[in-house]
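Undergrad: What follows is a single structure, and I will ask about it in a moment.
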Amino acid sequence: MEKVKNKEELLDVSFNAMLLGKSIFAFVEFLSGLLLIFIPLDLIKSTIRHLAASIAFAPLSSMITNAGERLTSDATLFAVIYLLLHGALKLVTLALLWRKILWSYPLSIVLLVGFITYQMFEFFNHGAISMLVLCVVDLVMIALTLLEYRKLKAQLSKGQSYSSLKNIKIN
């Protein structure tokens, strides 16, 4: 594996790694939403009970059991809608970023700020630590997106054509 030669190359590698990770996660999220449409609620609940029973750590097992018992058809419908919309928005935005379409960078930042706002709301209402982790990942993505956007704008102002920017390859 070759070493990164400069800060600009490090930015490119970091940005593309984050894009890849978020793209995979968004695809799994969207696919999960689709699968939830076809999986009966009783099957989900029995799977959760079976999972909880197989966990030796009692507090975690109890937490999973309680979550399964609170699961309703309304909660499942919300999960389906949330996963499909959230996943689709991220997939479209990430596809635009992969193509280096300049206006998609500010759009992506605005969407990420919206996701962070929702995640913080969920954290403060339900105490879900996972929401804080997602916020940190999204904040890193915002920073990388902003840096990449500034770099592309600087390259355009130096006279590079927009089509040449889209063809830049990362080793």
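The values are calculated or read from the model by the stated rules, or taken from the named source; none is laboratory data. The shown structure was predicted, so the numbers you read here are calculated from the model rather than taken from an experiment. Here the Cβ positions follow ideal geometry from the backbone for every residue, glycine too, while neighbour counts run over all protein chains shown. Protein only, heavy atoms only, side chains kept; ligands, DNA and RNA dropped before computing areas. Shrake-Rupley method; radii C 1.70, N 1.55, O 1.52, S 1.80 Å.
Undergrad: Please give the FRET efficiency for Ile81 paired with Leu156, using the beta carbon to beta carbon distance and R0 = 45 Å, rounded to the nearest 0.05.
TA: 0.70
Undergrad: How large is the charge dipole for the range 6-120, taken about the Cα centre, if only the Cβ atoms of Lys, Arg (+1) and Asp, Glu (-1) carry charge, to the nearest 20 debye?
TA: Computed charge dipole of the range 6-120: roughly 40 debye.
Undergrad: Which angle from 0 to 90°, rounded to the nearest 10, does the C-alpha axis of helix 58-69 make with the longest principal axis of the chain?
TA: Around 90 degrees separate the two axes.
Undergrad: Given a Förster distance of 30 angstrom, what is the FRET efficiency for Leu71 paired with Leu91, based on the Cβ-Cβ distance and rounded to 0.05?
TA: 0.70
Undergrad: Using only Cα atoms, locate the centre of the range 61-99 and the centre of the range 11-38, then give the distance between them in Å, rounded to an integer.
TA: If you average the Cα positions of each part, the centres end up 12 Å apart.
Undergrad: Based solely on its DSSP helices, what 222 nm [θ] is calculated for the chain when runs of n ≥ 4 H residues each add -39,500 (n - 2.57) and the sum is averaged over all residues, nearest 500 deg cm²/dmol?
TA: Using -39500 (n - 2.57) per qualifying helix, the result is -28000 deg cm²/dmol.
Undergrad: In the range 15-133, carbon and sulfur make up what percent of the accessible area (probe 1.4 Å)?
TA: The computed percentage sits at 78.
Undergrad: Follow-up question, since we're still on this one. Considering the chain as a Gaussian network with a 10 Å cut-off on Cα pairs, which listed residue, Lys151, Lys100, Lys90, attains the greatest mean-square fluctuation?
TA: Lys151
Undergrad: Could you state the angle between the C-alpha long axis of helix 7-38 and the longest principal axis of the C-alpha atoms of the chain, as a value from 0 to 90 degrees rounded to the nearest 10?
TA: 30 degrees
Undergrad: Here's a follow-up. Which of the chymotrypsin sites (Phe, Trp or Tyr not before Pro) found in the range 72-134 are loop residues per DSSP with 15 or fewer other Cβ atoms within 10 Å of their Cβ?
TA: Listed in order of number, the matching sites are Trp103.
Undergrad: Taking 8 Å as the Cα distance limit and 6 or more residues as the minimum spacing, I'd like the relative contact order of the chain as a percentage.
TA: Relative contact order for the chain comes out at 27 percent.
Undergrad: Towards the positive end of the charge dipole of the range 50-160, with charges on Cβ (+1 Lys, Arg; -1 Asp, Glu), say which of Ser130, Val80, Ser104 has the farthest Cα.
TA: Farthest along the dipole direction, towards plus: Ser104.
Undergrad: So between Ala17 and Ala143, what do we pick up on full extension, going 0.36 nm a residue minus the alpha carbon distance?
TA: 44.0 nm
Undergrad: Run the paramagnetic zone check for Met63: 7 angstrom along Cα to Cβ, then residues of the range 11-50 with backbone nitrogen under 19 Å.
TA: Answer for this model: 48-50.
Undergrad: Please compute the per residue accessible area over the chain with all protein chains in place, 1.4 Å probe, rounded to a whole number of Å².
TA: On a per-residue basis, 65 Å².
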